[in-house]
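Read through the structure below, which is laid out as structure tokens, and then see the notes.
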Amino acid sequence: MSDLYDKIILAHHRAPQNRGRLDSPTHEAVGYNPVCGDEVQVSVQVADNRIEDIQVDGTGCALCRASGSLMTVHVRRATAADVSVTLQSLEDLLAARPADTDRLGDLAVFQVVREHPMRLKCVTLPWHALETALLQPAGSMRAEYNAWTARSRLSTGRRG
Amino acid sequence: MTHTTHGATDDGPGIDALDVAHAFPALAQRVRGHRLVYLDSASTSQTPQVVIDAINTAYIELRANVHRGVHTLSARATDAYETARDRVAQLVGAESPRDIVFVSGATAAINLVAHAWGDANVGAGDEIVVTTMEHHSNLVPWQQLCERTGATLRAAPLDERGAVDMSAYGKLLGSRTKLVALAHVSNALGTVNPVRAMVAMAHDVGAVAVVDGAQAAPHLRVDVREFGCEFYALSGHKMYGPTGIGALYGAPDVLAAMPPHHAGGGAIERVTLQRTRFAGVPQRFEPGTPNIVGAVGLAAALDFIHKIGTQAIEAHERALLRYATAAIDDIDQCRRIGTAAPAAAVCSFVVRGVHPHDVATILDERGVAVQAGHHCAQPVMEHFGVPATVRMSLGVHNTRTDIDVLIAGIRAAVEVMAR
């Protein structure tokens, strides 16, 4: 039915994991892409430098929802450094650079998005929001990540 | 391309859409294994072979500067450029080609008015009235003019169908109103505004009227003297012409009194190191070497439109839009955004449970090109309470089969993404 929306992505779009907002997060951020209207809210509870709990909310396309959902499963017990390294690997995968597929695990499903370069930012938005949240000291006000103004590491070169 | 006139056909009277489609070489390509179904003409249009040929010929036969030279090529280029100006004047119903300024597009045209007319005529305490349906290109220049001059911007609201609330518009107009800026056709909704009436109301309070015709000129008859507007802007790339060329119509007395905005060679009558006397109109507003080849391409596009006939185009697209909107209404999960009448060439909709980007991607997988997003009309999205819509927009080459493929794609999107 669709090359892009394979069964893993659809499963996470239809029944996203860890949806909502934590009551007392230590870190929070909203990531948005003003060009397409995707918005992701990430709330995290960090203890001993590790992510103990995380929830994702917001309005966004199926890729954004699925990516957010897979992210919440992937980052249990991760440190802020783990998140940044995984995001870098994810961007490498999306930009068709050599990527750490062991680290990515399930996230490797997003390589299908390479065929739709206009949708790459939908996949990385939740991760950028999470990374932005973790960059702030605990207890800070909700941080913001603007996908349009931020520098992108997703340049893939010209497509045929 | 042959112009065949039929009786009433499925594609509307007076046009053979398949014939017209063959005039566009781009439509022969496959996208992701499917025939390209191009339904994004409101964003930019496809280019007929005759326009491509005119541009190629221009690059071979009249590659010279205009107005400046003595030699043969320069005379040829000048003649072609000024003939193109003539064509635009004819298209919009201007009295003289002197009323037409070539610019890079409708956005540049509106910015030219905002600076050249606005800076000289608008001051603190004055008001500028726009509508809530404006494309950002007919909104932001006026915001900036207000910031520069201390004037106030007022926006006429829309009703629930996406038409301008005329009573509210009337109430916004007053003795302080210096300028009104309005779209002829909304790019996000397709709403056709009652331009003549709205311009008349602006004149009643002594305001000038600027009409954004970017979405109208490809689809409807334009008559600037009938509308009475002081300015009318159009873009070549929206009407089967090349990118980088557009035109601003200015009423002769208004243009004559307008100081130049950008300065440079070709816009002057006499230059010394200390002082410059500016040229007459429209040269005063065309400094530097213009987009000569673009103007020639635009003229070829206008000839293409003229050969089919504006009435035939209007009728064909009206019938096709009716067919499309009925089919979209037939899909349970679809809700049209913007249901005002009359409407031209555009249908925006949302699909319950499926984000516009996902609809557009699934359509793209089937070779169908539509736009998903805010369409550079964020106030419109806010009015309807949606972050984005899917927008399909018609060109003269579209057929019922194109719409059928679109509808099948929307139904597929619903099936794939349903939660």
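Using C-alpha pairs below 8 Å separated by at least 6 residues, the relative contact order for chain B is 23 percent. Take each residue of peptide A:31-37, count the partner chain Cβ atoms within 10 Å of its Cβ, and average: the result is 4.
Just subtract the alpha-carbon distance of B:His203 and B:Thr310 from 0.36 nm times their residue separation and send over the number in nm, one decimal. Intermediate values should be presented prior to the final figure.
Working: separation 107, 0.36 × 107 = 38.52 nm, distance 2.83 nm.
Length difference between fully extended and current span is 35.7 nm.
Taking other C-beta atoms within 10 Å as the exposure proxy, B:Tyr323, B:Tyr249, B:Tyr81 rank B:Tyr323, B:Tyr81, B:Tyr249 from fewest upward. Estimated translational diffusion coefficient (Stokes-Einstein, Kirkwood radius over Cα pairs, 4 °C, 1.567 mPa s) of region A:29-114: 95 µm² per second.
For chain B, what does the alpha-carbon gyration tensor say about shape, rounded, prolate or oblate, given a ≥ b ≥ c as the root eigenvalues, a/c under 1.5 as rounded, and a/b over b/c as prolate? Intermediate results must be reported in sequence, preceding the final value.
On the way: a/c = 2.03, a/b = 1.26, b/c = 1.62.
Since a/c reaches 1.5 but b/c is at least a/b, the shape of chain B is classed as oblate.
Here each label is just a point 7 Å from Cα along the line to Cβ, and for B:Thr152 and B:Glu226 those points are 3.7 nm apart. Under 5 Å between amide hydrogens, built in the peptide plane, is the criterion, and for A:Ala143 it picks out A:Glu28, A:Ala29, A:Val30 among residues at least 5 positions away or on other chains. Spin-label model, B:Arg352/B:His67: points 7 Å from Cα along the beta carbon direction are separated by 5.9 nm.
By count of other Cβ within 10 Å, fewest leading, how are B:His203, A:His27 ordered? Walk me through the numbers before you get to the answer.
On the way: B:His203 16, A:His27 25.
Listing B:His203, A:His27 from fewest to most nearby Cβ atoms yields B:His203, A:His27.
Taking 7 Å steps out from each Cα toward its Cβ at B:His262 and A:Met141 produces label points 4.1 nm apart.
Remark: for residue pairs A:Lys121/B:Lys238; B:Lys178/B:Lys307; A:Lys7/A:Lys121, the C-alpha separation exceeds 32 Å in B:Lys178/B:Lys307.
Net charge near A:Val75, counting Lys/Arg +1 and Asp/Glu -1 over other residues with Cβ under 11 Å of its Cβ? It would help to have the intermediate numbers written out before the result.
Details: positive: A:Arg50, A:Arg76, A:Arg77; negative: A:Glu52, A:Asp53, A:Asp82, A:Glu131.
Neighbour charge sum, excluding A:Val75 itself: -1.
With each run of n ≥ 4 DSSP H residues scored as -39500 (n - 2.57), what mean residue ellipticity at 222 nm is computed for the protein assembly as shown after dividing by its residue count and rounding to the nearest 500 deg cm²/dmol? It would help to have the intermediate numbers written out before the result.
Values: 20 runs with 214 residues, N = 579.
Only helices count here, giving -11000 deg cm²/dmol.
The H on the amide N of B:Val368, modeled in the peptide plane, is under 5 Å from the matching H of B:Val37, each at least 5 residues off or on a different chain.
Please list, by residue number, everything in region B:383-406 whose backbone N is under 17 Å from a paramagnetic label point 7 Å out along Cα→Cβ of A:Met118. It comes to B:388-395, B:406, nothing else.
Could you work out how far the C-alpha centroid of region B:290-368 sits from that of region A:107-143, in angstrom? The two parts, judged by their Cα centres, are 34 Å apart. Computed 3J(HN,Hα) for region B:376-385, one whole-Hz value per residue from the Karplus formula 6.51 cos²θ - 1.76 cosθ + 1.60 where θ = phi - 60°, is 6, 8, 4, x, 5, 4, 5, 4, 8, x, glycine and proline marked x.
Principal-axis analysis of the Cα atoms of chain B puts helix B:140-149 at an angle of about 40° to the longest axis.
Read the figures in this text as sums done on the coordinates, not as results from a lab. Small disclaimer: the values here were computed from a predicted structure and weren't measured. FYI the Cβ positions are ideal-geometry reconstructions off the backbone, even for glycines, and counts take in every protein chain you see.
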